[in-house]
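For reference, the structure discussed in these notes is given below.
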Amino acid sequence: MPSLENLEWNLRTLEPTGGLSSLRLTASIFSVLPALALPVFAQHPETTPTTLAPLSTPAHEIFGLSLFVLLITGAIFFSVAGLLVYVIIRYRARGESEHEPAQVYGSVQVELAWTVIPVLIVVVLFLTTARIIFAVQDAPKPKSALDVTVIGHQFWWEFRYPKLGIVTANELHIPVSTHQRPEPTYLRLLSADVDHSFWVPQLNGKTDLIPNHPNEMWMDPQRTGLYLGQCAQFCGVEHAKMLIRVYVDTPEQFTAWVQNQQRPAVDDAAVAQGRQIFETEACVNCHTVSGTAARGTVGPDLTHLMSRATIAAGAALNTPENLHAWIQNPNTFKPGALMPAMQLDDKQIDQIVAYLLTLH
Amino acid sequence: MADQTLPISAPLPEAEAQRVPWLEWMHSWVVTVDHKKLGLLYIVYAIFFLLVAGAEAILIRIQLAWPDMHFVSPEVYDELFTMHGTTMVFLVGMPILFGFANYLVPLMIGARDMAFPRLNAFSFWLTAFGGLLLYFSIVGGFGLYGMGNAPDVGWWAYAPLTAKAFTPGHNTDYWALALIVSGFGTLGTAINIIATTFSLRCKGMTLMRMPLFVWLMLIVSVLTLVTITPLTAAQIMLLIDRYLGGHFFDAQAGGSPIVWMHFFWIFGHPEVYVLVLPAFAIANEVIPVFSRKAIFGYPAMVAASVGICFISLTVWAHHMFTVGMTSVGNTFFVLSTMMVGIPTGIKIFNWLATMWGGRIRFATPMLFCTAFVFQFLLAGLTGIMLSVAPWDWQLHNSYFVIAHFHYVLVGAIVFNIFAAIYYWYPKATGRMLSETLGKWHFWLFLIGFHITFDTMHFVGLLGMPRSIYTYEPDRGWNTLNLIISMGGFVQAIAVLLFAWNLIYSYVRGRAAGNDPWDAWTLEWSTPSPPPAYNFAIDPVVRSRRPLWDLKHPHDPDWKYER
Ligand SMILES: [Cu+2]
Ligand SMILES: [Cu+2]
């Protein structure tokens, strides 16, 4: 999100996150370079999942460190590449000449110098890196933290809030975490099948979801809004459409969302027919709608389907037409998704969709 | 140029090329145990697969040129990137480098063949059949389930996606078997090169007088021997998992996917060095000859190469910073990875110092090598960025990583392979490659390369992950991807020009003579192409540059070398 406004925002918020602050100042000047170059390319600043506009502490720490590393590597690049260009221009052969240039076989002093300098650079880089690794990975978990269990499935995300008794999919809601009211979110990462990786660049780096190997990561987004990301470990055919949407809510929005999610499914008599088809078809083997016979866990929980803006892990918008098309044949949006086309006729599908539309 | 000063015997009369019926000619290539013929077989085989895997890359880039493209299906896309990676690493990179080693090591150390000529032939044919097996999957990959085709699990093939439950059919089996078979071929060649350099050096060629090319090939072979082994072991374990109910990696039965990652990257990281050290080897020959100076700091170059070999065995888990290692574990691999930068830096400085004060002739081989130095510098620096574990949490599996390793694999290795072909083609065929076509090839390839791979870094920073068959139109990646794809086409045109140059110059090229570049290592003292026995008289050397000594009897190297 490299607009100028955001850049300013970066500069302001870089300081309070602590660490490296003296370097940060120089480093943030450096950040102007990519920040100015990129808007040319980034057509959609608000939906670009950029690593260059961090909005939560871990992402900030990483960004600050990356600017520092960029500064050092940039300096190395310009000096060595400068030397190369100089050598090319200065020592290129001009015309034919019979005699060879003076032969030099080496020089211990010079070689020692260019061994020692890299060693020093490595020491500096290593120590700064180690500091950030420990700061991010071993940060103490505050009492106020919200716990969410993320379970990766072939091509969709399951989110469970164990303390709140909520199960949802693909769209993660978390509260904003301010200085006055820190409320970081801790994700426990599990997988139901193969390896996946949870990556929302503006909130943190990625961490893999590996079966039999629970992982953890945290984020404390400091600004409300919608942040996009996606699965970052190849997990099969529809890996490309395993998108993530993270909604960072104000405390009030978050409480309202929680209260809605905690309610059982709406039971509207007007759509009893659709509900009946849903419950007699195989849908119930794979999907859960709380308070009904549908208790499957192969697919996303549909109890509050209509509280989500998209379906199929962001592959399509959650509209009646798309729901219809999806139930008719999931392959239209996501060829290879693990939900079968159920061979229902249009009328049945319409009735199911009418039912689903009541699941707020 | 200076031919007459060299004691080169004219080829013995029976070595004169005679016209033979083509069947006999074919037969002679199939049954050959001559290191030069086998070397050429390796190289031709690799160039063929370079074109195949390049075509795969072009299809990938067409699919990604615009968001929501339907040029290929997701399944086919997965097969394309899996085959592209596997082919480039195992059927292009390894064979071509072993091809050069095969052709040049005996010539450079004054030997008449490799230590084990028949093992050599056996190794080549194993590797060749490995490649066939991999591509046979396209027809044979239909398993019992009527599913699958070419392998489609990525060239890193992470468990448990490779388990029967997630990948039925036989494509993964073809993949594993192909790598096992070609892996044994590779081991044979590695053993052969080690034995050759230790036991067949000509009189006077001490280890510290070996051309750096030979040193690096020796180190590469040792590294190959150490790293192909865990790969082969992992493949066998995978097949046991798939067919005999083993549970090494299969998580559902309590196996560990992480163990696969360790096995794979203990192979996979040093593999990068197996591929890039030969590129250094080429630079170590080409840069001095075209700068008209001895390599700067030969002992330091040897030490740095040995250092890289050892350090590169300790860094594998930098591919696993995101799998949830402890902070201490992560820190260790940060340090070991950064340390590789030190010997690598030494090498870059030594190349610059070799050019410094020289009279640099920018013939095509030198153009490619100069670009190599530049690109390798950048690749090294992005490598440092990726070694910074927290930054890697962002960059891992993004297009930034793709950009980084293509900078290494294409910007460094492929560039130097081109340099090597322009440099040694005259030796192998007796004809010069066309310089005009060569310059076109160089500039087009350079421009295409930078359009594609420079841009990839940015799209990675903007959050685009690898291995996705398409992307959403609102992510801000559209223009960048279009640019990347266009660069791909420019490179493709350059490679086609190169292929044309190979064929055209074989027929029409200027006669090369024995020593067209006025070079200093022993291979240039033989006729072009060298006869089957290489040297009519066993050479005797007194320095690292025997031909320099011959050309400058009043100022020979052995007076000054340390
Ligand atoms: Cu996934
Ligand atoms: Cu590596």
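The values are calculated or read from the model by the stated rules, or taken from the named source; none is laboratory data. None of these values were measured; they are calculated from a predicted model. Don't worry about glycine lacking a Cβ; one is built from the backbone with ideal geometry, like all the others, and counts go over all protein chains shown. Side chains included, ligands, DNA and RNA excluded: accessible areas come from the protein's heavy atoms. Shrake-Rupley method; radii C 1.70, N 1.55, O 1.52, S 1.80 Å.
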I'd like to know if segment B:505-515 contains one or more residues that are closer than 18 Å to residue B:215 by Cβ and either at pLDDT 95 or above or more than 14 Å from chain A (Cβ to nearest Cβ) (or both). no
Pairs needed: first member in segment A:347-358, in a loop (DSSP other than H, G, I, E, B); second member anywhere, not basic (Lys, Arg); C-beta distance under 6 Å; at least 6 residues apart or different chains. A:358/A:266; A:358/A:268; A:358/A:271
Would you pick out the residues in segment B:37-83 that are touching a Gly at 6+ places or on another chain (Cβ under 6 Å) and aromatic (Phe, Trp, Tyr)? B:42
Which of (1) crowded, with 24+ Cβ neighbours inside 10 Å; (2) within 14 Å of chain A (Cβ to nearest Cβ); (3) of a type in the set (D, E, K, R) is the odd one out, the single condition residue B:427 does not satisfy? (2)
Based on what the data block shows, is residue A:196 more than 23 Å from residue A:338 (Cβ to Cβ) and more than 16 Å from ligand 2 (Cβ to nearest atom)? no
Among (1) modelled with pLDDT under 95; (2) open to solvent by 20 Å² or more (accessible area, probe 1.4 Å); (3) of a type in the set (D, E, K, R) - the single one residue A:301 does not satisfy: (1)
Count of residues meeting criterion [among the hydrophobic types (A, V, I, L, M, F, W, C) and more than 17 Å from residue A:344 (Cβ to Cβ)] in segment A:276-310: 6
Limited to segment B:272-291, what total is found for residues that are more than 30 Å from residue B:156 (Cβ to Cβ) and within 14 Å of chain A (Cβ to nearest Cβ)? 6
Regarding segment A:56-65, can at least one residue be identified that is touching a Ser or Thr at 6+ places or on another chain (Cβ under 7 Å) and among the charged types (D, E, K, R)? yes
Please report, ordered by residue number, the helices (runs of 4 or more DSSP H) entirely within segment B:42-161 with at least 2 residues that are surrounded by fewer than 22 Cβ atoms within 10 Å (Cβ to Cβ) and touching a residue at least 24 places away in the same chain (Cβ under 8 Å). B:74-86, B:117-140
Suppose we filter B:326, B:337, B:344, B:314 for residues that are among the hydroxyl-bearing types (Ser, Thr, Tyr), open to solvent by 30 Å² or more (accessible area, probe 1.4 Å) and within 14 Å of ligand 2 (Cβ to nearest atom); which single one remains? B:314
Consider residue B:499 against the criteria (1) assigned to a helix (DSSP H, G or I); (2) open to solvent by 20 Å² or more (accessible area, probe 1.4 Å); (3) closer than 30 Å to residue B:115 by Cα; (4) of a type outside the set (D, E, K, R): it satisfies all of them except one. Which criterion is unmet? (3)
Listed by range, helices (runs of 4 or more DSSP H) wholly within segment A:217-333 having at least 1 residues that are over 30 Å from residue B:74 (Cα atoms) and touching a Cys at 6+ places or on another chain (Cβ under 8 Å) are none
Members of segment A:137-169 found to be polar (S, T, N, Q) and either open to solvent by less than 30 Å² (accessible area, probe 1.4 Å) or within 16 Å of ligand 2 (Cβ to nearest atom) (or both), listed by number: A:149, A:154, A:168
Since residue B:294 meets every condition but one in (1) open to solvent by less than 20 Å² (accessible area, probe 1.4 Å); (2) within 13 Å of ligand 2 (Cβ to nearest atom); (3) within 9 Å of chain A (Cβ to nearest Cβ), which condition does it not meet? (2)
From A:120, A:112, which residue is loosely packed, with under 12 Cβ neighbours inside 10 Å, more than 30 Å from residue B:367 (Cα to Cα) and at pLDDT 90 or above? A:120
Within segment B:162-202, how many residues turn out to be surrounded by 23 or more Cβ atoms within 10 Å (Cβ to Cβ), more than 14 Å from chain A (Cβ to nearest Cβ) and part of a loop (DSSP other than H, G, I, E, B)? 0
Kindly indicate the residue of segment A:170-185 that is open to solvent by less than 10 Å² (accessible area, probe 1.4 Å) and outside any loop (DSSP other than H, G, I, E, B) and also farthest from ligand 1 (Cβ to nearest atom) among those meeting that condition. A:175
Within segment A:213-224, restricting to residues that are under 16 Å from the mean Cα position of the chain (by Cα) and either within 12 Å of ligand 1 (Cβ to nearest atom) or open to solvent by 30 Å² or more (accessible area, probe 1.4 Å) (or both), the one that is nearest to residue A:60 (Cα to Cα) is A:222
Can you list residue pairs whose Cβ atoms sit under 9 Å apart, with the first residue in segment A:264-293 being touching a residue at least 40 places away in the same chain (Cβ under 8 Å) and the second being open to solvent by 60 Å² or more (accessible area, probe 1.4 Å) and hydrophobic (A, V, I, L, M, F, W, C)? Count only pairs 6 or more apart in sequence or on different chains. A:286/A:298; A:286/A:338
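A quick yes/no check of all residues on (1) of a type in the set (Phe, Trp, Tyr); (2) surrounded by fewer than 24 Cβ atoms within 10 Å (Cβ to Cβ); (3) modelled with pLDDT under 95; (4) farther than 15 Å from residue A:69 by Cα:
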position	(1), (2), (3), (4)
B:355	no, no, no, yes
B:369	no, no, no, yes
B:374	yes, yes, no, yes
B:383	no, yes, no, no
B:386	no, yes, no, no
B:393	yes, no, no, no
B:397	no, yes, no, yes
B:409	no, yes, no, yes
Consider residue B:230 carefully, then state whether it is more than 14 Å from chain A (Cβ to nearest Cβ), within 23 Å of residue B:418 (Cα to Cα) and within 16 Å of ligand 2 (Cβ to nearest atom). no
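Suppose we filter A:244, A:210 for residues that are in contact with a helix residue (DSSP H, G or I) (Cβ under 9 Å, 6 or more places away or on another chain), within 16 Å of ligand 1 (Cβ to nearest atom) and among the aliphatic types (A, V, I, L, M); which single one remains?
None of the others qualify; the one that does is A:210.
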Taking the residues in segment A:207-228 that are touching a Gly at 6+ places or on another chain (Cβ under 8 Å) and at the interface with another protein chain (Cβ under 7 Å from one of its Cβ atoms) as candidates, determine which candidate is nearest to ligand 2 (Cβ to nearest atom). A:208
